[in-house]
1. Can you name the number of the only condition in (1) among the small types (Gly, Ala, Ser); (2) farther than 20 Å from Tyr32 by Cβ; (3) modelled with pLDDT of 95 or more that Ala113 fails?
2. Looking only at the range 83-97, which residues are among the β-branched types (Val, Ile, Thr) and buried (at least 19 other Cβ atoms within 10 Å of the Cβ)?
3. Name the residue, out of Leu5, Leu98, Leu85, that is touching a His at 6+ places or on another chain (Cβ under 7 Å) and not small (Gly, Ala, Ser).
4. Would you call Thr148 of a type in the set (Val, Ile, Thr), under 23 Å from Cys121 (Cα atoms) and either in contact with a Lys or Arg (Cβ under 8 Å, 6 or more places away or on another chain) or not in a helix (DSSP H, G or I) (or both)?
5. Please go through the range 31-61 and give me each residue that is at pLDDT 95 or above and polar (S, T, N, Q), ordered by number.
6. Sort through Tyr154, Tyr159 and tell me the only one that's at pLDDT 95 or above, more than 24 Å from Ser50 (Cβ to Cβ) and part of a loop (DSSP other than H, G, I, E, B).
7. Which one of the conditions (1) more than 18 Å from Ile183 (Cβ to Cβ); (2) touching a Gly at 6+ places or on another chain (Cβ under 9 Å) does Ile59 fail to meet, given that it meets all the rest?
8. Taking the criterion of being among the hydroxyl-bearing types (Ser, Thr, Tyr) and over 26 Å from Ser18 (Cα atoms), would at least one residue in the range 181-198 satisfy it?
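The values are calculated or read from the model by the stated rules, or taken from the named source; none is laboratory data. Please read all numbers here as calculations on a predicted model, not as lab measurements. Cβ: placed from backbone, ideal geometry, glycine included. Neighbour counts: every protein chain shown.
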Amino acid sequence: MEFLLDSADPQEIEEVKSWGLISGVTTNPSLYGKQADDFIKRLQEILEVSPGCVYTQVIGADDREDMVRQARWIASQSEKIIVKLPMTNAGIQSCLQLKKESPEIKIAITAVATMAQAFLCGKAGADVCALFNGPLDLEVDTAFDLVTPVKKIYANYGYQTKVLSACRYARTFAEYCAAGTDICTLKKEFHQLLYEHAYTDKRMRGFLGDWEGKFGDQKWPQP
């Protein structure tokens, strides 16, 4: 599974990259709006620090010609780029046009909220279907599993589209992994939560307390 960071902050990307597990970065217009003044310069900075792929979204949702133009420019900036198009009629039409005219451009359809929309992504030949199952999970009382049925739809029809899950908490992250999502992306604070649990913390304090009670600050010798 590809493990990504959702961020447009180069310093934050560098920090999480140093943890050794992420393989790329996802961004969106909101992140650029909150974390950058010059969005073109910021894209180049992100490309420099990302360990791999960089998902970057076109602006707008209804003008096919404009989105295709933006997508071509974004894709031209680096081989790392995966262009994000919106889950709209015009976004799907843009995907169809780009895949016909420039099949080398990698495309993700974003803000996918239903199985029917996911089917359209596969039918249109998108490389990635970006499910908003994490945000949607916050709106319901039970776990919101889109991964399992979407993977089944793609298997039924032989679509090669990968499933990306936008995650929030450790529980849902684990559920999406168990369901077989191809890609997970999380903000830094949610990455950090994956490492943490109250029981783990309690046991480690207990181990350390028992050791220090007997041996003080001694540790095993260096090799």
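1. Here Ala113 meets the rest and fails (3).
2. Of the residues in the range 83-97, the ones among the β-branched types (Val, Ile, Thr) are 83, 88, 92.
Hits for the range 83-97 are Val83, Ile92.
3. Details: Leu98 fails: touching a His at 6+ places or on another chain (Cβ under 7 Å); Leu85 fails: touching a His at 6+ places or on another chain (Cβ under 7 Å).
Criteria check complete, one pass: Leu5.
4. Working: of a type in the set (Val, Ile, Thr): yes; under 23 Å from Cys121 (Cα atoms): yes; either in contact with a Lys or Arg (Cβ under 8 Å, 6 or more places away or on another chain) or not in a helix (DSSP H, G or I) (or both): no.
Judged against the criteria, Thr148 is not a match.
5. Hits for the range 31-61 are Gln44, Ser50, Thr56, Gln57.
6. On the way: Tyr154 fails: part of a loop (DSSP other than H, G, I, E, B).
Step by step, each of Tyr154, Tyr159 is checked, and only Tyr159 is at pLDDT 95 or above, more than 24 Å from Ser50 (Cβ to Cβ) and part of a loop (DSSP other than H, G, I, E, B).
7. Evaluating Ile59 over (1) more than 18 Å from Ile183 (Cβ to Cβ); (2) touching a Gly at 6+ places or on another chain (Cβ under 9 Å) leaves (2) as the failure.
8. Step one: list which residues in the range 181-198 are among the hydroxyl-bearing types (Ser, Thr, Tyr), which gives 181, 185, 195.
Cutting the leftovers down to over 26 Å from Ser18 (Cα atoms) gives us none.
Checked against the condition, which is being among the hydroxyl-bearing types (Ser, Thr, Tyr) and over 26 Å from Ser18 (Cα atoms), the range 181-198 yields no hits at all.
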